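Remarks on the structure that follows.
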2 protein chains.
Amino acid sequence: MNFNLTESLEILERTPQALEVFLTGLSENWLKNNEGEGTWNVHEVIEHLIEGEKQNWIPRLEFILAEGESQPFPAFDRYAHLNPKAETTINQKLLEFKTIRLQNILRLKELIPFESTLEKTGFHPAFGVVKVKELIATWAVHDLTHMTQILRVMAKRYGTDVGAWREYLGILK
Amino acid sequence: MNFNLTESLEILERTPQALEVFLTGLSENWLKNNEGEGTWNVHEVIEHLIEGEKQNWIPRLEFILAEGESQPFPAFDRYAHLNPKAETTINQKLLEFKTIRLQNILRLKELIPFESTLEKTGFHPAFGVVKVKELIATWAVHDLTHMTQILRVMAKRYGTDVGAWREYLGILK
(Lines give C-alpha, C1' and ligand atoms only; values in the text may rest on other atoms or scores of the structure.)
Protein backbone atom coordinates (compact mmCIF):
# COMPACT_ATOMS: atom_id res chain seq x y z
CA MET A 1 0.00 0.00 0.00
CA ASN A 2 1.40 3.40 -0.99
CA PHE A 3 -1.52 5.77 -0.46
CA ASN A 4 -0.76 9.18 0.94
CA LEU A 5 -3.16 12.15 0.78
CA THR A 6 -0.49 14.75 0.04
CA GLU A 7 0.94 12.70 -2.82
CA SER A 8 -2.55 12.07 -4.22
CA LEU A 9 -3.20 15.80 -4.20
CA GLU A 10 0.02 16.29 -6.21
CA ILE A 11 -1.65 14.39 -9.06
CA LEU A 12 -5.09 15.96 -8.70
CA GLU A 13 -3.60 19.46 -8.72
CA ARG A 14 -1.38 18.90 -11.76
CA THR A 15 -3.78 17.14 -14.14
CA PRO A 16 -5.71 20.23 -15.32
CA GLN A 17 -2.53 22.22 -15.73
CA ALA A 18 -0.76 19.52 -17.72
CA LEU A 19 -3.80 19.04 -19.96
CA GLU A 20 -4.04 22.78 -20.50
CA VAL A 21 -0.39 23.04 -21.57
CA PHE A 22 -0.61 20.00 -23.81
CA LEU A 23 -3.98 20.61 -25.46
CA THR A 24 -4.37 24.38 -25.77
CA GLY A 25 -3.94 25.42 -29.39
CA LEU A 26 -3.75 21.86 -30.77
CA SER A 27 -5.28 21.33 -34.20
CA GLU A 28 -8.82 19.99 -34.16
CA ASN A 29 -7.50 17.06 -36.18
CA TRP A 30 -5.81 15.87 -32.98
CA LEU A 31 -8.79 16.72 -30.78
CA LYS A 32 -11.57 15.25 -32.91
CA ASN A 33 -9.92 11.92 -33.69
CA ASN A 34 -11.11 8.80 -31.84
CA GLU A 35 -10.26 5.09 -31.81
CA GLY A 36 -13.31 4.05 -33.83
CA GLU A 37 -17.05 3.64 -33.31
CA GLY A 38 -18.15 4.09 -29.70
CA THR A 39 -14.78 5.47 -28.52
CA TRP A 40 -14.06 8.95 -27.25
CA ASN A 41 -12.13 11.82 -28.77
CA VAL A 42 -10.15 14.31 -26.67
CA HIS A 43 -13.13 16.65 -26.27
CA GLU A 44 -15.21 13.79 -24.87
CA VAL A 45 -12.52 12.70 -22.44
CA ILE A 46 -12.33 16.22 -20.98
CA GLU A 47 -16.13 16.33 -20.76
CA HIS A 48 -16.03 13.03 -18.87
CA LEU A 49 -13.45 14.46 -16.44
CA ILE A 50 -15.68 17.50 -15.85
CA GLU A 51 -18.70 15.23 -15.29
CA GLY A 52 -16.71 13.28 -12.70
CA GLU A 53 -15.91 16.49 -10.83
CA LYS A 54 -19.60 17.39 -10.75
CA GLN A 55 -21.27 14.04 -10.13
CA ASN A 56 -18.77 11.53 -8.89
CA TRP A 57 -15.81 12.19 -6.58
CA ILE A 58 -16.88 14.87 -4.13
CA PRO A 59 -20.58 13.91 -4.08
CA ARG A 60 -19.59 10.31 -3.28
CA LEU A 61 -17.14 11.40 -0.63
CA GLU A 62 -19.81 13.55 1.01
CA PHE A 63 -22.27 10.67 0.81
CA ILE A 64 -19.83 8.25 2.47
CA LEU A 65 -19.03 10.70 5.25
CA ALA A 66 -22.74 11.41 5.85
CA GLU A 67 -24.17 7.91 5.50
CA GLY A 68 -21.32 5.49 6.19
CA GLU A 69 -22.27 1.97 5.13
CA SER A 70 -25.95 2.53 5.92
CA GLN A 71 -26.95 2.81 2.27
CA PRO A 72 -25.22 2.42 -1.09
CA PHE A 73 -24.24 5.63 -2.82
CA PRO A 74 -25.90 6.43 -6.13
CA ALA A 75 -24.33 4.95 -9.28
CA PHE A 76 -22.38 7.36 -11.49
CA ASP A 77 -23.34 7.48 -15.17
CA ARG A 78 -20.00 7.18 -16.96
CA TYR A 79 -21.64 8.12 -20.24
CA ALA A 80 -23.53 11.19 -19.03
CA HIS A 81 -21.14 13.50 -20.89
CA LEU A 82 -22.24 11.99 -24.20
CA ASN A 83 -25.73 13.49 -23.91
CA PRO A 84 -26.31 16.26 -26.46
CA LYS A 85 -25.25 19.67 -25.22
CA ALA A 86 -23.92 23.00 -26.44
CA GLU A 87 -20.62 22.78 -28.34
CA THR A 88 -17.76 24.39 -26.47
CA THR A 89 -14.15 24.89 -27.50
CA ILE A 90 -11.36 22.86 -25.94
CA ASN A 91 -10.19 26.02 -24.16
CA GLN A 92 -13.60 26.49 -22.56
CA LYS A 93 -13.63 22.84 -21.46
CA LEU A 94 -10.11 23.04 -20.03
CA LEU A 95 -11.01 26.18 -18.10
CA GLU A 96 -14.16 24.58 -16.72
CA PHE A 97 -12.21 21.49 -15.65
CA LYS A 98 -9.47 23.56 -14.01
CA THR A 99 -11.97 25.71 -12.13
CA ILE A 100 -14.12 22.91 -10.78
CA ARG A 101 -11.09 20.77 -9.90
CA LEU A 102 -9.64 23.62 -7.87
CA GLN A 103 -12.91 24.01 -5.97
CA ASN A 104 -13.06 20.25 -5.39
CA ILE A 105 -9.52 20.11 -4.03
CA LEU A 106 -10.40 22.81 -1.51
CA ARG A 107 -13.56 20.89 -0.59
CA LEU A 108 -11.57 17.63 -0.28
CA LYS A 109 -9.21 19.26 2.20
CA GLU A 110 -12.19 20.47 4.26
CA LEU A 111 -13.79 17.03 4.22
CA ILE A 112 -10.64 15.23 5.42
CA PRO A 113 -9.66 17.05 8.61
CA PHE A 114 -7.96 14.00 10.19
CA GLU A 115 -5.82 11.09 9.03
CA SER A 116 -8.50 8.83 10.52
CA THR A 117 -11.15 10.21 8.13
CA LEU A 118 -9.34 8.35 5.34
CA GLU A 119 -10.31 5.05 6.95
CA LYS A 120 -14.05 5.76 6.97
CA THR A 121 -16.19 3.38 4.93
CA GLY A 122 -19.16 3.59 2.62
CA PHE A 123 -21.16 1.15 0.54
CA HIS A 124 -20.54 1.03 -3.20
CA PRO A 125 -23.61 -0.17 -5.17
CA ALA A 126 -21.57 -2.80 -7.04
CA PHE A 127 -18.50 -3.45 -4.86
CA GLY A 128 -19.85 -3.25 -1.33
CA VAL A 129 -17.72 -1.74 1.43
CA VAL A 130 -15.09 0.77 0.24
CA LYS A 131 -12.85 3.21 2.10
CA VAL A 132 -12.48 6.96 1.71
CA LYS A 133 -8.79 6.53 0.90
CA GLU A 134 -9.64 4.05 -1.86
CA LEU A 135 -12.01 6.59 -3.41
CA ILE A 136 -9.27 9.25 -3.39
CA ALA A 137 -6.64 6.84 -4.78
CA THR A 138 -9.11 5.95 -7.54
CA TRP A 139 -9.70 9.62 -8.31
CA ALA A 140 -5.94 10.09 -8.88
CA VAL A 141 -5.55 6.91 -10.94
CA HIS A 142 -8.64 7.91 -12.94
CA ASP A 143 -6.80 11.12 -13.92
CA LEU A 144 -3.76 9.11 -15.03
CA THR A 145 -5.98 6.69 -16.98
CA HIS A 146 -7.69 9.40 -18.96
CA MET A 147 -4.49 11.33 -19.68
CA THR A 148 -3.11 8.04 -21.04
CA GLN A 149 -6.25 7.61 -23.12
CA ILE A 150 -5.81 11.08 -24.66
CA LEU A 151 -2.20 10.35 -25.62
CA ARG A 152 -3.09 6.92 -27.04
CA VAL A 153 -5.98 8.27 -29.14
CA MET A 154 -3.65 10.92 -30.55
CA ALA A 155 -0.86 8.42 -31.26
CA LYS A 156 -3.20 6.16 -33.22
CA ARG A 157 -3.81 8.97 -35.72
CA TYR A 158 -0.26 8.31 -36.94
CA GLY A 159 -0.65 4.53 -36.84
CA THR A 160 0.33 4.07 -40.48
CA ASP A 161 2.32 7.29 -40.89
CA VAL A 162 5.20 5.90 -38.83
CA GLY A 163 5.81 3.24 -41.48
CA ALA A 164 8.05 0.35 -40.41
CA TRP A 165 8.74 1.92 -37.00
CA ARG A 166 5.26 0.76 -36.00
CA GLU A 167 6.90 -2.43 -34.80
CA TYR A 168 8.72 -0.55 -32.00
CA LEU A 169 5.71 1.48 -30.85
CA GLY A 170 3.58 -0.53 -28.45
CA ILE A 171 1.10 2.34 -28.06
CA LEU A 172 -0.16 1.69 -31.62
CA LYS A 173 -1.12 -1.91 -30.92
CA MET B 1 -2.32 8.74 -43.81
CA ASN B 2 -2.61 11.80 -41.59
CA PHE B 3 0.95 13.14 -41.41
CA ASN B 4 1.41 16.88 -41.45
CA LEU B 5 4.62 18.64 -40.40
CA THR B 6 2.90 21.52 -38.60
CA GLU B 7 0.71 19.16 -36.60
CA SER B 8 3.71 16.98 -35.73
CA LEU B 9 5.53 20.06 -34.46
CA GLU B 10 2.53 20.80 -32.22
CA ILE B 11 3.32 17.58 -30.33
CA LEU B 12 7.10 17.97 -30.32
CA GLU B 13 6.81 21.51 -28.96
CA ARG B 14 4.35 20.65 -26.19
CA THR B 15 5.89 17.49 -24.75
CA PRO B 16 8.66 19.15 -22.67
CA GLN B 17 6.26 21.79 -21.38
CA ALA B 18 3.59 19.27 -20.37
CA LEU B 19 6.18 17.08 -18.65
CA GLU B 20 7.57 20.08 -16.82
CA VAL B 21 4.15 21.11 -15.51
CA PHE B 22 3.24 17.58 -14.52
CA LEU B 23 6.52 16.43 -12.96
CA THR B 24 8.08 19.50 -11.36
CA GLY B 25 7.80 19.26 -7.58
CA LEU B 26 6.38 15.72 -7.56
CA SER B 27 7.44 13.52 -4.64
CA GLU B 28 10.36 11.21 -5.39
CA ASN B 29 8.03 8.35 -4.47
CA TRP B 30 6.25 8.99 -7.76
CA LEU B 31 9.47 9.57 -9.69
CA LYS B 32 11.50 6.61 -8.40
CA ASN B 33 8.82 3.95 -8.77
CA ASN B 34 9.06 1.50 -11.67
CA GLU B 35 7.06 -1.47 -12.99
CA GLY B 36 9.48 -4.09 -11.66
CA GLU B 37 12.93 -5.46 -12.51
CA GLY B 38 14.32 -4.13 -15.79
CA THR B 39 11.66 -1.42 -16.20
CA TRP B 40 12.16 2.33 -16.07
CA ASN B 41 11.19 4.91 -13.51
CA VAL B 42 10.23 8.49 -14.47
CA HIS B 43 13.83 9.72 -14.20
CA GLU B 44 14.97 7.04 -16.64
CA VAL B 45 12.21 7.82 -19.14
CA ILE B 46 13.26 11.48 -19.22
CA GLU B 47 16.91 10.43 -19.63
CA HIS B 48 15.85 8.25 -22.57
CA LEU B 49 14.02 11.19 -24.16
CA ILE B 50 17.16 13.35 -23.76
CA GLU B 51 19.32 10.60 -25.27
CA GLY B 52 16.96 10.44 -28.26
CA GLU B 53 17.36 14.18 -28.81
CA LYS B 54 21.13 13.82 -28.79
CA GLN B 55 21.66 10.56 -30.66
CA ASN B 56 18.57 9.61 -32.57
CA TRP B 57 16.14 11.97 -34.29
CA ILE B 58 18.15 14.84 -35.69
CA PRO B 59 21.35 12.82 -36.31
CA ARG B 60 19.30 10.29 -38.28
CA LEU B 61 17.49 12.97 -40.21
CA GLU B 62 20.81 14.58 -41.13
CA PHE B 63 22.20 11.19 -42.12
CA ILE B 64 19.23 10.45 -44.38
CA LEU B 65 19.43 13.84 -46.06
CA ALA B 66 23.19 13.48 -46.59
CA GLU B 67 23.40 9.82 -47.59
CA GLY B 68 19.97 8.87 -48.93
CA GLU B 69 19.68 5.11 -49.26
CA SER B 70 23.39 4.68 -50.03
CA GLN B 71 24.19 3.30 -46.56
CA PRO B 72 22.21 2.34 -43.47
CA PHE B 73 22.20 4.85 -40.66
CA PRO B 74 23.82 3.83 -37.38
CA ALA B 75 21.68 1.93 -34.88
CA PHE B 76 20.47 3.89 -31.85
CA ASP B 77 21.20 2.36 -28.45
CA ARG B 78 17.83 2.53 -26.69
CA TYR B 79 19.49 1.66 -23.40
CA ALA B 80 22.36 4.17 -23.54
CA HIS B 81 20.73 6.31 -20.84
CA LEU B 82 21.07 3.44 -18.36
CA ASN B 83 24.87 3.76 -18.32
CA PRO B 84 26.15 5.09 -15.01
CA LYS B 85 26.32 8.87 -14.88
CA ALA B 86 26.06 11.76 -12.46
CA GLU B 87 22.77 11.92 -10.55
CA THR B 88 20.69 14.92 -11.53
CA THR B 89 17.37 16.16 -10.17
CA ILE B 90 14.18 15.85 -12.17
CA ASN B 91 14.21 19.63 -12.65
CA GLN B 92 17.69 19.50 -14.19
CA LYS B 93 16.60 16.69 -16.51
CA LEU B 94 13.44 18.51 -17.55
CA LEU B 95 15.41 21.66 -18.28
CA GLU B 96 17.95 19.73 -20.34
CA PHE B 97 15.17 18.04 -22.30
CA LYS B 98 13.35 21.32 -22.92
CA THR B 99 16.52 23.06 -24.07
CA ILE B 100 17.74 20.40 -26.46
CA ARG B 101 14.24 19.81 -27.86
CA LEU B 102 13.91 23.51 -28.65
CA GLN B 103 17.25 23.48 -30.49
CA ASN B 104 16.21 20.35 -32.36
CA ILE B 105 12.91 21.84 -33.46
CA LEU B 106 14.76 24.83 -34.91
CA ARG B 107 17.17 22.44 -36.65
CA LEU B 108 14.27 20.36 -37.96
CA LYS B 109 12.72 23.42 -39.56
CA GLU B 110 16.04 24.25 -41.23
CA LEU B 111 16.44 20.71 -42.51
CA ILE B 112 12.98 20.58 -44.09
CA PRO B 113 12.81 23.61 -46.35
CA PHE B 114 10.34 22.06 -48.82
CA GLU B 115 7.31 19.78 -48.63
CA SER B 116 9.20 17.46 -50.99
CA THR B 117 12.00 16.97 -48.44
CA LEU B 118 9.52 14.94 -46.38
CA GLU B 119 9.47 12.30 -49.12
CA LYS B 120 13.24 11.72 -49.13
CA THR B 121 14.35 8.23 -48.20
CA GLY B 122 17.09 6.61 -46.15
CA PHE B 123 18.07 3.10 -45.19
CA HIS B 124 17.22 1.86 -41.70
CA PRO B 125 19.61 -0.88 -40.49
CA ALA B 126 16.73 -3.20 -39.56
CA PHE B 127 13.75 -2.01 -41.64
CA GLY B 128 15.31 -1.02 -44.95
CA VAL B 129 13.95 1.99 -46.84
CA VAL B 130 12.21 4.61 -44.69
CA LYS B 131 10.98 8.13 -45.41
CA VAL B 132 11.81 11.40 -43.69
CA LYS B 133 8.14 11.93 -42.86
CA GLU B 134 7.98 8.50 -41.22
CA LEU B 135 10.93 9.41 -39.02
CA ILE B 136 9.21 12.63 -37.92
CA ALA B 137 5.87 10.87 -37.33
CA THR B 138 7.74 8.32 -35.22
CA TRP B 139 9.42 11.08 -33.23
CA ALA B 140 5.99 12.50 -32.29
CA VAL B 141 4.48 9.10 -31.48
CA HIS B 142 7.59 8.25 -29.45
CA ASP B 143 6.82 11.31 -27.28
CA LEU B 144 3.24 10.15 -26.79
CA THR B 145 4.44 6.61 -25.97
CA HIS B 146 6.81 7.73 -23.24
CA MET B 147 4.36 10.19 -21.69
CA THR B 148 1.92 7.28 -21.53
CA GLN B 149 4.61 5.14 -19.93
CA ILE B 150 5.23 7.76 -17.22
CA LEU B 151 1.52 7.94 -16.37
CA ARG B 152 1.17 4.16 -16.33
CA VAL B 153 4.19 3.66 -14.06
CA MET B 154 2.77 6.22 -11.66
CA ALA B 155 -0.71 4.68 -11.72
CA LYS B 156 0.65 1.25 -10.84
CA ARG B 157 1.97 2.62 -7.55
CA TYR B 158 -1.67 2.74 -6.42
CA GLY B 159 -2.52 -0.66 -7.89
CA THR B 160 -3.81 -2.04 -4.60
CA ASP B 161 -4.68 1.29 -2.94
CA VAL B 162 -7.72 1.73 -5.18
CA GLY B 163 -9.32 -1.35 -3.62
CA ALA B 164 -12.28 -2.79 -5.51
CA TRP B 165 -12.22 0.04 -8.09
CA ARG B 166 -9.25 -1.75 -9.64
CA GLU B 167 -11.76 -3.59 -11.80
CA TYR B 168 -12.70 -0.36 -13.62
CA LEU B 169 -9.13 0.87 -14.17
CA GLY B 170 -7.62 -0.74 -17.25
CA ILE B 171 -4.34 1.12 -16.74
CA LEU B 172 -3.57 -1.12 -13.74
CA LYS B 173 -3.78 -4.34 -15.74
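The values are calculated or read from the model by the stated rules, or taken from the named source; none is laboratory data. Owing to the predicted nature of the structure, the values given are computational and were not obtained by experimental measurement. FYI the Cβ positions are ideal-geometry reconstructions off the backbone, even for glycines, and counts take in every protein chain you see. Note: accessible area is taken over every heavy atom of the protein model, side chains too, but ligands, DNA and RNA are not part of it. Shrake-Rupley method; radii C 1.70, N 1.55, O 1.52, S 1.80 Å.
Applying the selection to the stretch A:1-49, what residues are among the β-branched types (Val, Ile, Thr) and open to solvent by 10 Å² or more (accessible area, probe 1.4 Å)? I'd like the intermediate steps shown before the answer.
Step one: of the stretch A:1-49, the residues among the β-branched types (Val, Ile, Thr) are A:6, A:11, A:15, A:21, A:24, A:39, A:42, A:45-46.
Listed by number, the residues that qualify are A:THR6, A:VAL21, A:THR24, A:THR39.
Hey, among the residues in the stretch B:65-119 that are basic (Lys, Arg) and over 14 Å from the mean Cα position of the chain (by Cα), which one's least open to solvent (accessible area, probe 1.4 Å)? Don't jump to the end; show me each part of the working.
Going residue by residue through the stretch B:65-119, those that are basic (Lys, Arg) are B:78, B:85, B:93, B:98, B:101, B:107, B:109.
Filter once more, keeping what is over 14 Å from the mean Cα position of the chain (by Cα): B:85, B:107, B:109.
On the way: B:LYS85: 109, B:ARG107: 83, B:LYS109: 104 Å².
So, considering only residues that are basic (Lys, Arg) and over 14 Å from the mean Cα position of the chain (by Cα), the one least open to solvent (accessible area, probe 1.4 Å) is B:ARG107.
Say whether the condition of being closer than 30 Å to B:LEU144 by Cβ, away from chain B (no Cβ under 14 Å) and among the charged types (D, E, K, R) is met by at least one residue in the stretch A:73-91.
Within the stretch A:73-91, one or more residues are closer than 30 Å to B:LEU144 by Cβ, away from chain B (no Cβ under 14 Å) and among the charged types (D, E, K, R).
List, please: which pairs have Cβ atoms under 6 Å, are six or more places apart or on different chains, and start with a residue in the stretch B:15-35 that is closer than 11 Å to B:ILE150 by Cα and end with one that is surrounded by 16 or more Cβ atoms within 10 Å (Cβ to Cβ) and β-branched (Val, Ile, Thr)?
Cβ pairs passing all conditions: B:LEU23/B:ILE90; B:LEU31/B:VAL42; B:LEU31/B:ILE90; B:GLU35/B:VAL153.
Name the residues in the stretch B:134-173 that are over 15 Å from the mean Cα position of the chain (by Cα), under 25 Å from A:GLY159 (Cβ atoms), more than 7 Å from every other protein chain (Cβ to nearest Cβ) and touching a residue at least 40 places away in the same chain (Cβ under 8 Å), would you?
The answer is B:VAL153, and nothing else.
Give the residues of the stretch B:129-146 that are outside any strand (DSSP E or B) and either open to solvent by less than 10 Å² (accessible area, probe 1.4 Å) or farther than 19 Å from B:LYS54 by Cβ (or both), sorted by residue number.
So the first thing to find is which residues in the stretch B:129-146 are outside any strand (DSSP E or B), and the list is B:132-146.
If the condition is that a residue be outside any strand (DSSP E or B) and either open to solvent by less than 10 Å² (accessible area, probe 1.4 Å) or farther than 19 Å from B:LYS54 by Cβ (or both), then B:VAL132, B:LYS133, B:GLU134, B:LEU135, B:ILE136, B:ALA137, B:THR138, B:TRP139, B:ALA140, B:VAL141, B:ASP143, B:LEU144 are the ones that fit.
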